[in-house]
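The values are calculated or read from the model by the stated rules, or taken from the named source; none is laboratory data. This is a predicted model, so every value here is computed, not measured. Every residue, glycine as well, gets a Cβ built from its backbone with ideal geometry; the counts of neighbours run over all protein chains shown. With ligands, DNA and RNA removed, areas are computed over all heavy atoms of the protein, side chains included. Shrake-Rupley method; radii C 1.70, N 1.55, O 1.52, S 1.80 Å.
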Amino acid sequence: MQRRAAFDNLWLAGALIAPQLLLVLVFFYWPTVQALYWAFSTQPPFGGANQWVGWQNFEQIFSDSVYWNSVRVSIIFAILSTSLSIATALLMALMVDRQLAGHRVYRFIYFWPYAIAAPAVGLAFRFIFAPDAGFVSAVNQFAPNLWNPALKGWDAMILIVIANSWKMAAYNFIFFLAALQAIPRTLIEAAAMDGSGVLRRARDVQIPLLQPTLFFLLVINITESFVDSFGIVDITTGGGPARATDLMVFKIYSDGFKGLDYSMAAAQSIVLMLLVVALTFIQFRYVERRVHYA
Amino acid sequence: MADIEIRGITKTYGPTRVLHGVDLSIANGEFLVILGPSGCGKSTLLRMIAGLETIDGGEIAIGGTIVNRLEPRERGCAMVFQNYALYPHMTVAENIGYALKVAGRPKAERLARIGEIAKIVGLEDYLDRKPSQLSGGQRQRVAMGRAMIREPKVFLFDEPLSNLDAKLRVQMRLEIRRLHQRLGATSIFVTHDQIEAMTLADRIVVMHGGRVEQVGAPRTLYATPATRFVASFLGSPAMNLMPAEILRPGLARIAGGVDIAFDPALFAAVPGQQVELGIRPEDVELVRPGTEGAHALAVQFVEEMGASRLVHGRLGEAEFAVVQPNGRGTEGGETLAIALPPSAIHLFDIGNGRRLGLEPQRLDAVRAA
Ligand SMILES: Nc1ncnc2c1ncn2[C@@H]1O[C@H](COP(=O)(O)OP(=O)(O)O)[C@@H](O)[C@H]1O
Ligand SMILES: [Mg+2]
């Protein structure tokens with residue numbers, strides 16, 4: 001059986017894919033080639049054409065402890081925010097799936113955060129977590145300086161983790177809910193007849209059957225936390241204090257556009273890209289094998 | 001072991017009421033079959049007993065305890081679902097043993113019990129397989145095993161055989177019956193298949209449109225259906241039913257001017273009354289042409305059924321079917337001489353569809369006498 005639409009008219013086919021192809025070329029391949037070129041070359045200090053320098057840019061970033069700090073911070077951020085956003089989303093989806101009173105409203109509202117741009121999320125959380133004026137300032141009234149993301153590295157990290165998870169949880173929620181609703185209701189009922197309560201059913205039946213979704217979201221969330229966290233960091237912490245939230249993607253931006261060192265920024269972009277590709281590969285290769293596809 | 005009392009159960013989904021006050025008593029150890037067409041509320045009723053559906057009105061008591069507010073696990077029922085509802089990520093052994101695991105029984109005991117149950121349902125060699133690696137019949141057995149392992153007071157079956165092929169269905173039917181004899185637990189079995197109902201049940205409950213039409217032993221329902229619906233739903237091939245007018249006690253006329261005699265002692269019918277007259281195809285007698293009181297059946301076509309054949313034709317202006325035992329062949333266009341024994345005639349009110357005159361219980365007494 002022919003499952004794909006077939007076009008005899010090659011011109012029509014070409015015309016139909018051209019806009020998409022153009023977009024991919026202009027916004028993906030061209031910048032990638034450009035970045036590659038910059039990563040292997042350097043601008044002379046007093047102007048002129050770029051000079052080819054081979055691996056020199058890479059050697060330089062790998063010998064820089066500031067760079068390794070940003071790798072470390074990025075990994076911590078990825079682990080924390082992926083765990084938090086997946087756990088929160090799973091909990092919300094399990095509760096909405098039970099169809100308790102108001103589940104329709106919740107389903108609707110829970111998705112909103114994802115529709116908000118990262119800088120806006122950052123701004124909101126900057127206000128909420130401002131140590132002197134925000135929502136959390138009440139804490140500081142009892143214990144001065146217990147919470148101060150402007151001074152304490154971990155506070156700043158917690159701030160961006162929460163902000164990012166808040167946004168990603170909305171996205172994860174939709175996938176979890178869809179997957180939960182795809183689980184036949186009779187399975188849950190069978191478990192109920194077998195004497196299993198709400199929590200036990202979630203653990204023994206629902207979550208195991210969510211594994212494909214869980215895996216998919218793991219890949220997406222980790223990738224997102226590496227490449228898409230710029231907006232939040234930029235608005236809330238600016239990479240500080242003392243580079244405690246200097247994520248790789250943010251460092252690329254500050255080196256490139258603030259430090260105006262395109263070559264170093266480009267080399268870091270290439271490393272980040274390879275890192276994400278490698279992570280995704282590892283996840284598909286080793287984690288997916290253990291996933292039970294029902 | 002437990003008896004079940006169902007009193008005035010109602011259920012409403014949004015604006016539609018799907019159960020209109022159902023009353024039933026099920027004796028301890030009884031095998032009760034709920035029979036009805038699709039959408040009549042059988043599953044809903046069963047699920048309310050199981051605790052999977054809230055009870056809008058009325059009361060359900062199991063073993064003397066009112067269970068309206070109890071969780072499924074507190075009711076002591078086990079259920080076999082139509083699509084089996086096996087846990088796809090667990091092996092056969094884990095599926096069967098899940099209830100014990102939830103109950104926190106030690107592993108050694110669990111394994112022993114799983115072994116016993118697997119032997120009963122004939123799955124000893126499949127314990128390590130996943131449900132997706134089993135055939136339909138084997139999945140069915142896993143579902144049965146899973147229900148049995150807790151030694152429930154009550155077994156609930158929701159059309160458990162309807163996904164099996166015809167041969168397997170007959171085989172599983174026997175096994176269910178055998179299991180019931182062995183375990184003796186009160187069982188409620190929902191089906192839309194009247195043959196399944198007839199063969200399995202101690203008593204059948206016929207449901208229609210959210211109401212109970214009739215409750216009784218399979219034989220009783222077959223012999224004295226209380227409503228036209230029960231008459232048409234039970235028995236295969238289906239009963240011949242046609243409008244008729246009572247001429248005088250003991251005689252009715254159907255369209256086309258054919259007069260049919262019935263037993264006036266069984267039906268309190270008044271002359272001029274419009275009724276629905278029924279007779280089962282297997283109760284019709286084939287007689288020699290010219291026999292006194294015989295009717296002419298204009299044969300239209302014949303359905304071969306192996307041991308017998310079903311002859312379709314017209315009696316007067318009514319569609320009419322007759323079972324013809326093997327032997328002589330009949331073809332379309334022929335005319336058969338048939339006799340309708342007066343004692344085999346059923347009469348129903350044309351308005352509400354109820355059997356005319358005597359109540360089925362009294363009728364039984366009349367028949368027995
Ligand atoms: N969850 C539900 N929401 C709305 N209507 C329902 C629901 N479940 C069943 N019904 C309706 O109730 C009626 C009886 O359903 P059911 O008990 O499943 O019938 P049966 O098992 O006899 O085929 C049907 O008309 C069905 O559409
Ligand atoms: Mg049903």
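Listing for the model above:
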read-out	value
Residue tally, condition more than 13 Å from ligand 1 (Cβ to nearest atom) and aromatic (F, W, Y), over region B:36-86	1
Count of region B:39-61 residues which are under 27 Å from B:G145 (Cα atoms) and more than 14 Å from chain A (Cβ to nearest Cβ)	5
Region A:154-194, residues that are crowded, with 21+ Cβ neighbours inside 10 Å and hydroxyl-bearing (S, T, Y)	A:S165
Residue match in region B:138-146 (condition: in contact with a strand residue (DSSP E or B) (Cβ under 8 Å, 6 or more places away or on another chain), open to solvent by 20 Å² or more (accessible area, probe 1.4 Å) and away from ligand 2 (no atom under 16 Å from the Cβ))	no
Residues (open to solvent by 10 Å² or more (accessible area, probe 1.4 Å) and closer than 21 Å to B:M48 by Cβ) located in region B:147-156	B:R150, B:P152, B:K153, B:F155
Residue in region A:169-185 that is within 11 Å of chain B (Cβ to nearest Cβ) and part of a helix (DSSP H, G or I) present	yes
Looking only at region B:158-173, and only at residues there that are within 13 Å of chain A (Cβ to nearest Cβ) and open to solvent by 10 Å² or more (accessible area, probe 1.4 Å), the one that is farthest from the chain's Cα centre (by Cα)	B:N163
Matching residues, region A:88-108, being surrounded by 13 or more Cβ atoms within 10 Å (Cβ to Cβ) and free of Cβ contacts under 8 Å to residues at least 40 places away in the same chain	A:L91, A:M95, A:H103, A:Y106
Options B:V18, B:V33, B:V22: the member that is within 16 Å of ligand 2 (Cβ to nearest atom), open to solvent by 20 Å² or more (accessible area, probe 1.4 Å) and more than 14 Å from chain A (Cβ to nearest Cβ)	B:V18
Subset of region B:145-155 [at the interface with another protein chain (Cβ under 9 Å from one of its Cβ atoms) and either under 15 Å from the mean Cα position of the chain (by Cα) or part of a helix (DSSP H, G or I) (or both)]	B:R146, B:A147
Residue within region B:78-94 that is assigned to a helix (DSSP H, G or I) and either open to solvent by less than 10 Å² (accessible area, probe 1.4 Å) or within 16 Å of ligand 2 (Cβ to nearest atom) (or both) present	yes
Restricting region B:1-15 to residues that are open to solvent by 40 Å² or more (accessible area, probe 1.4 Å) and within 16 Å of ligand 1 (Cβ to nearest atom), the residue that is modelled with the lowest pLDDT	B:G14
Region B:44-77 - residue that is open to solvent by 10 Å² or more (accessible area, probe 1.4 Å) and in a strand (DSSP E or B) and, of those, farthest from B:R182 (Cα to Cα)	B:G57
Number of positions in region B:85-127 that are under 18 Å from A:D204 (Cα atoms) and either facing chain A (nearest Cβ under 10 Å) or out of contact with any Pro (no Cβ under 8 Å at 6 or more places or on another chain) (or both)	23
Subset tally (residues that are facing another protein chain (nearest Cβ under 10 Å), buried (at least 21 other Cβ atoms within 10 Å of the Cβ) and not in a helix (DSSP H, G or I)) for region A:196-217	1
Verdict on B:G41 being more than 11 Å from ligand 2 (Cβ to nearest atom) and either among the acidic types (D, E) or buried (at least 22 other Cβ atoms within 10 Å of the Cβ) (or both)	no
In region A:218-251, residue surrounded by the most Cβ atoms within 10 Å (Cβ to Cβ) [restricted to those that are under 19 Å from A:P149 (Cα atoms) and of a type in the set (G, A, S)]	A:S229
Matching residues in region B:304-318 - criterion: being under 17 Å from B:G235 (Cα atoms) and either at pLDDT 90 or above or not charged (D, E, K, R) (or both)	B:M305, B:A307, B:S308, B:L310, B:V311, B:H312
Residues being in contact (Cβ under 8 Å) with a residue 40 or more places away in the chain and farther than 18 Å from B:G209 by Cα - total across region B:12-52	9
Every residue from region B:162-205 that is at pLDDT below 90, within 16 Å of ligand 1 (Cβ to nearest atom) and within 21 Å of B:F233 (Cβ to Cβ)	B:S162
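Yes/no matrix, rows are residues, columns are (1) open to solvent by 40 Å² or more (accessible area, probe 1.4 Å); (2) closer than 30 Å to B:R211 by Cβ; (3) of a type in the set (D, E); (4) not in a loop (DSSP other than H, G, I, E, B):
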residue	(1), (2), (3), (4)
B:D259	yes, no, yes, yes
B:A265	yes, yes, no, no
B:G278	no, yes, no, yes
B:G290	yes, no, no, no
B:V299	no, no, no, yes
B:V302	yes, no, no, yes
B:G333	yes, no, no, no
B:N352	yes, yes, no, no
